[in-house]
Amino acid sequence: MRSEVLTVQVEAAARAAGLAVVSSEADASRVTAKFLLALAGDAAAGRTMLLELSERFEFGRPDLRDGVRAYLAEAAKRLRNPRPECALTLHGIPLSFGRFEWPFHPSSSGADTSLVHGEVRLEDGGESVLHAKIAASMTVTFRDVVAAPEQPFAEGFVYNAVRKTMDQGQLELVKSGNRQPVPLTTRFYSPKYKAFSFNDTSEEQRNGFVAGKVYWLSGVLGGGAPVWLLDPRDAQYLNTTVEELRKAVGSLAVEGILRATDAEYGAATEKLMERREEYVAQLERMLAFIRPSFNEEMRHRLTNM
């Protein structure tokens with residue numbers, strides 16, 4: 001009965017955001033309900049997203065209900081992207097996010113933390129082989145600043161923390177391997193401003209990020225289709241505002257780097273795609289940076305230890 005009520009509530013919220021519930025199911029082992037969502041009338045396009053909520057999720061609480069509605073409104077815009085599951089790191093690594101198991105669950109090791117598991121994959125236009133299995137851990141202190149440990153309230157900052165951790169060289173993309181930790185601590189949150197904080201960026205960096213996003217998500221992965229350029233999740237990741245992103249889009253459109261298709265979306269231009277060698281070289285440098293290196297003298301036992 002609880003799942004049926006939650007299904008009705010999610011269907012109504014999805015409909016208000018211009019989405020449709022393609023399918024739903026209960027996961028008895030995790031006591032969650034899963035909803036496959038697509039843009040209304042666009043399910044055949046194959047662009048979908050999975051929403052997973054605890055069966056006991058309190059949809060009737062005004063703050064939680066409003067949070068879900070805001071999340072779904074953003075999701076509807078993200079689902080217009082040719083690859084809605086993809087995002088770019090500040091230093092130029094295109095990733096896809098998937099297999100996340102919501103909500104956060106208590107650590108089985110006895111530590112006073114909560115965990116969510118997932119996976120990111122390198123998306124460079126070729127075969128998606130390199131990946132990293134993620135174990136994002138949230139401390140009790142950090143938990144206090146989150147409205148609920150559920151997907152609509154945590155997905156954004158978890159994905160941004162993964163991007164930040166990847167750029168710091170603390171996550172490795174491999175063909176196979178164990179889960180890698182992504183600590184979610186108050187270093188990602190500013191008590192003074194009561195906001196999440198990831199990367200202080202300049203205007204030049206924001207312009208570079210938007211250009212890179214258009215190159216990879218539109219030009220390489222999207223076949224030239226438009227992508228959403230005013231995503232609040234990117235604004236949070238860059239410690240900026242949607243209005244600053246709008247300025248970056250305008251500047252790049254004037255330069256002919258992107259083609260604005262409407263007020264919020266843009267597509268790659270031929271001029272941008274001519275910079276392929278630059279973006280590939282940047283990606284190769286980052287992949288080399290995050291790859292573990294070994295001290296060759298230690299390998300050959302030439303050190304005093």
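Just so it is clear, none of the values below were taken in a lab; they were calculated from the coordinates. Values in this document were obtained by computation on a predicted structure and should not be read as measured data. Cβ placement follows ideal geometry from the backbone for every residue including glycine, while neighbour counts extend to all protein chains displayed.
A few notes on this one:
- Using R0 = 30 Å, the C-beta based FRET efficiency linking Arg285 and Lys247 works out to 0.60.
- Relative contact order of the chain, taken over Cα pairs closer than 8 Å and 6 or more residues apart, is 14 percent.
- Of the trypsin sites (Lys or Arg not before Pro) found in segment 11-96, those in coil by DSSP whose Cβ has at most 14 other Cβ atoms within 10 Å are Arg56.
- Over every Cα atom in segment 203-279, the radius of gyration and the widest Cα-Cα span, Dmax, amount to 11.2, 30 Å.
- Those GluC sites (Glu not before Pro) in segment 186-282 that DSSP places in a loop and that have at most 13 other beta carbons within 10 Å: Glu274
- For segment 166-202, applying the loop criterion from DSSP together with a ceiling of 16 other beta carbons within 10 Å to the trypsin sites (Lys or Arg not before Pro) yields Lys175, Arg179, Lys192, Lys194.
- Gyration tensor (alpha-carbon) shape descriptor, segment 1-79, a/c threshold 1.5: oblate
- Put a dot 7 Å past the Cα of Tyr193, heading toward its Cβ, do the same for Asp63, and the two dots end up 2.2 nm apart.
- For Lys213, a cut-off of 29 angstrom between C-alpha atoms picks up these lysines, skipping any fewer than 8 places away in its own chain: Lys77, Lys133, Lys164, Lys175, Lys194, Lys247, Lys271.
- Rg and Dmax over the alpha-carbon atoms of the chain stand at 20.1, 68 Å.
- Loop sites by DSSP among the chymotrypsin sites (Phe, Trp or Tyr not before Pro) of the chain, restricted to those with at most 10 other Cβ atoms within 10 angstrom, leave 1-192 as the longest stretch without any of them.
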